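Let me begin by presenting the structure, written as structure tokens, before commenting on it.
The values are calculated or read from the model by the stated rules, or taken from the named source; none is laboratory data. In this text the structure is predicted, and so the values were computed from the model without any measurement. For neighbour counting, all protein chains shown are included, and Cβ atoms are generated from backbone atoms with ideal geometry for every residue, glycine included.
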Amino acid sequence: MAKPKLARDIVGGLVAVIVVIVLLGIAGAIDVVPAGLLVALLMAGGAWLLRRNRDPAPRAPEVEREPPNLVSQAFLDAIPDPVVVLNDAREVLAVNAPAREALGVHQLGGDLAMSVRHPKVLAAVEALASGAASVSEQISLPVPIARTYTFHAARAPHGGDPRGARIVLVLHDETRARRAEQTQADFVANASHELRSPLSALIGLIETLRGPAVDDAAARERFLSIMHTEALRMTRLVDDLMSLSRVEINEHVPPREAVDIEEVLAGVATALSVRAAGKSMTIGIACSPALPKARGDTDQLTQVFHNLLDNAVKYGKPGTGIEVTALPVAPNAAALPANGVAGIAVSVRDHGDGIAPVHLPRLTERFYRVDAGRSRRMGGTGLGLAIVKHIVNRHRGRLAVDSTKGEGSTFTVFLPAAREEPRAKVEA
Ligand SMILES: Nc1ncnc2c1ncn2[C@@H]1O[C@H](COP(=O)(O)OP(=O)(O)OP(=O)(O)O)[C@@H](O)[C@H]1O
Ligand SMILES: [Mg+2]
């Protein structure tokens, strides 16, 4: 800063000398020609001095809290996984935004153990400080939300630094993957269990028919009837598993057909009318005249309303009615994607035993049944509502359940409407 000030002082002095010479020249005290030459010379010198000593370009302010000799904070924050950089003394030298959020490491310079107390992490840091090259482990952190991480800790030599080598700790969130694995394992266990029960029944009956009941015609008839029922149950289970997996495969691709929901509902009601009549039940359909077409897949929506009406028949009280209503929904309603497209709401209401609130959140899980024995006796697989949920998800819609114990249940499906095709121009 001293150099430019000196230059300014010299230039100031030169200006003063020039002013004096000019005044003397005007007063006639000195000869005008050499005075003019002297002034020009002095001005050129001043300009050269000024240019030479112009202030250097302003330097960018240093990034606040940026640790010396480490990668920049912006660089660390751009990494989506939590990253913590430590020294051998376990002091935090740098931390990125995901680590601040996930681990609560806020203070630089403090001991890592003040925020992360997991013994595996501290043991890994100790091992690295004693010379180990890298450590990888899986840990679960219970707070703020239970999460599973794989952490990788590695030693990054840092020559000449009195605080010694750096230790870089990276955590990778595996919570979602673990949950998916668990769901998959539960699903395989449940599916095997569901198939094993009818298979065991079949094997037992076949053994009885070949042994003690070999000459018992009446027992044979009865057993064959049970075997038929069990075989049908297995077929239904396999069919449901297949349709669930088919829906899941293309769940990310929204369907594009314009579906006439009134037609779909009428078809499903006809298909179930015999079973409903068997329980002296009636199915009433009321569709709004202003109902737009739904954007969807006709076969899949048929399956949705078949499963819902099937439940209403199954779990409704004999002699009661099932009311189906279909209404238009205004654009951007809470139950629809906020894209300005209108929708429709189809409700299926029964007068059955209703469902206790505790079961409602789990109703669409695969194989979840409120009363497993009752559902099985009725030939249910426990997959009907899981299929409904996945199909509705694929349609970017929503399923809502409202039920009162002892009074009945209402299952409502919200679906986006098909966009109106622009009318073809009629040539004059
Ligand atoms: N309308 C309803 N009224 C009362 N309980 C219902 C109703 N709909 C579903 N449930 C309960 O939710 C459970 C899950 O229904 P879901 O349709 O998935 O399976 P399910 O009917 O048992 O078998 P299926 O796979 O043959 O449909 C049922 O077992 C039943 O306990
Ligand atoms: Mg069902």
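Suppose the filter is under 24 Å from V268 (Cα atoms), part of a strand (DSSP E or B) and modelled with pLDDT of 95 or more; does V313 pass it? Don't jump to the end; show me each part of the working.
Numbers: under 24 Å from V268 (Cα atoms): yes; part of a strand (DSSP E or B): no; modelled with pLDDT of 95 or more: yes.
In short, no.
Output the number of residues of region 364-386 satisfying the condition of being among the hydrophobic types (A, V, I, L, M, F, W, C) and more than 9 Å from ligand 2 (Cβ to nearest atom). Let's see the steps before the verdict.
Filtering region 364-386 down to residues among the hydrophobic types (A, V, I, L, M, F, W, C) leaves 367, 370, 372, 378, 383, 385-386.
Of the ones still in play, those that are also more than 9 Å from ligand 2 (Cβ to nearest atom) are 367, 370, 372, 386.
Adding up the residues that qualify gives 4.
Quick one: N332 ticks every box in (1) of a type in the set (S, T, N, Q); (2) in a helix (DSSP H, G or I); (3) over 30 Å from A191 (Cβ atoms) bar one, so which box is it?
Going through the list (1) of a type in the set (S, T, N, Q); (2) in a helix (DSSP H, G or I); (3) over 30 Å from A191 (Cβ atoms), N332 breaks only (2).
Every residue in region 390-403 that is touching a Leu at 6+ places or on another chain (Cβ under 6 Å) and either basic (K, R) or not in a strand (DSSP E or B) (or both), please.
Going residue by residue through region 390-403, those that are touching a Leu at 6+ places or on another chain (Cβ under 6 Å) are 392, 395, 397, 401.
Within region 390-403, V392, H395, G397 qualify.
Hey, among the residues in region 213-241 that are of a type in the set (D, E) and in a helix (DSSP H, G or I), which one's nearest to G373 (Cα to Cα)?
Within region 213-241, the first condition is being of a type in the set (D, E), and the residues that meet it are 215-216, 221, 230, 239-240.
Now restrict to residues that are in a helix (DSSP H, G or I): 221, 230, 239-240.
On the way: E221: 25, E230: 14, D239: 21, D240: 19 Å.
If we take residues in region 213-241 being of a type in the set (D, E) and in a helix (DSSP H, G or I), then E230 is nearest to G373 (Cα to Cα).
Residue by residue, here is whether (1) within 23 Å of H390 (Cα to Cα); (2) surrounded by fewer than 14 Cβ atoms within 10 Å (Cβ to Cβ); (3) away from ligand 1 (no atom under 16 Å from the Cβ) holds:
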site	(1), (2), (3)
A269	yes, no, no
A276	no, no, no
M281	no, no, no
S288	no, yes, yes
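Would you confirm whether or not region 57-64 contains a residue that is at pLDDT below 85, touching a helix residue (DSSP H, G or I) at 6+ places or on another chain (Cβ under 8 Å) and surrounded by 10 or more Cβ atoms within 10 Å (Cβ to Cβ)?
From region 57-64, those at pLDDT below 85 are 57-64; that's our starting set.
Checking which are touching a helix residue (DSSP H, G or I) at 6+ places or on another chain (Cβ under 8 Å) leaves us with 63.
Still in the running and surrounded by 10 or more Cβ atoms within 10 Å (Cβ to Cβ): 63.
Within region 57-64 (the criterion being at pLDDT below 85, touching a helix residue (DSSP H, G or I) at 6+ places or on another chain (Cβ under 8 Å) and surrounded by 10 or more Cβ atoms within 10 Å (Cβ to Cβ)), the answer is yes, since at least one residue qualifies.
What number of residues within region 323-380 are among the β-branched types (V, I, T) and farther than 14 Å from G397 by Cβ? Let's see the steps before the verdict.
Of all residues in region 323-380, those among the β-branched types (V, I, T) come to 324-325, 329, 341, 344, 346, 348, 355, 358, 364, 370.
Subset that is farther than 14 Å from G397 by Cβ: 324-325, 348, 355, 358, 370.
Here the count works out to 6.
Can you name the number of the only condition in (1) within 16 Å of ligand 1 (Cβ to nearest atom); (2) part of a helix (DSSP H, G or I) that L265 fails?
Result: L265 passes all but (1).
Quick check on region 302-333: of everything there that is hydrophobic (A, V, I, L, M, F, W, C) and within 16 Å of ligand 1 (Cβ to nearest atom), which residue is nearest to P254 (Cα to Cα)?
In the first step, residues of region 302-333 are kept if they are hydrophobic (A, V, I, L, M, F, W, C); the result is 304-305, 308-309, 312-313, 322, 324, 326-327, 329-330, 333.
Right, trim to within 16 Å of ligand 1 (Cβ to nearest atom) and you get 304-305, 308-309, 312-313, 322, 324.
Working: V304: 15, F305: 18, L308: 21, L309: 24, A312: 27, V313: 30, I322: 30, V324: 25 Å.
Step by step, filter region 302-333, then rank; the result is V304.
Restricting to region 343-385, what's the tally of residues that are part of a loop (DSSP other than H, G, I, E, B) and within 25 Å of the chain's Cα centre (by Cα)? Please lay out each step first, then the result.
Pass one, region 343-385, residues part of a loop (DSSP other than H, G, I, E, B): 350-351, 353-356, 363-371, 378-383.
With within 25 Å of the chain's Cα centre (by Cα) added as a condition, the list becomes 363-368, 383.
Number of matching residues: 7.
Inspect all residues belonging to region 242-257 and state whether any of them is outside any strand (DSSP E or B), touching a His at 6+ places or on another chain (Cβ under 6 Å) and within 16 Å of ligand 2 (Cβ to nearest atom).
yes
Suppose we filter region 286-331 for residues that are of a type in the set (F, W, Y) and either more than 16 Å from ligand 2 (Cβ to nearest atom) or assigned by TED's automatic domain parsing to the domain that holds S243 (or both); how many remain?
Filtering region 286-331 for residues of a type in the set (F, W, Y) gives 305, 315.
Now restrict to residues that are either more than 16 Å from ligand 2 (Cβ to nearest atom) or assigned by TED's automatic domain parsing to the domain that holds S243 (or both): none.
Number satisfying all stated conditions: 0.
Being free of Cβ contacts under 8 Å to residues at least 12 places away in the same chain and more than 13 Å from ligand 2 (Cβ to nearest atom) narrows it down to one residue among H351, H359, H390; which is it?
Details: H351 fails: free of Cβ contacts under 8 Å to residues at least 12 places away in the same chain; H390 fails: free of Cβ contacts under 8 Å to residues at least 12 places away in the same chain.
Of the residues listed, the single one that is free of Cβ contacts under 8 Å to residues at least 12 places away in the same chain and more than 13 Å from ligand 2 (Cβ to nearest atom) is H359.
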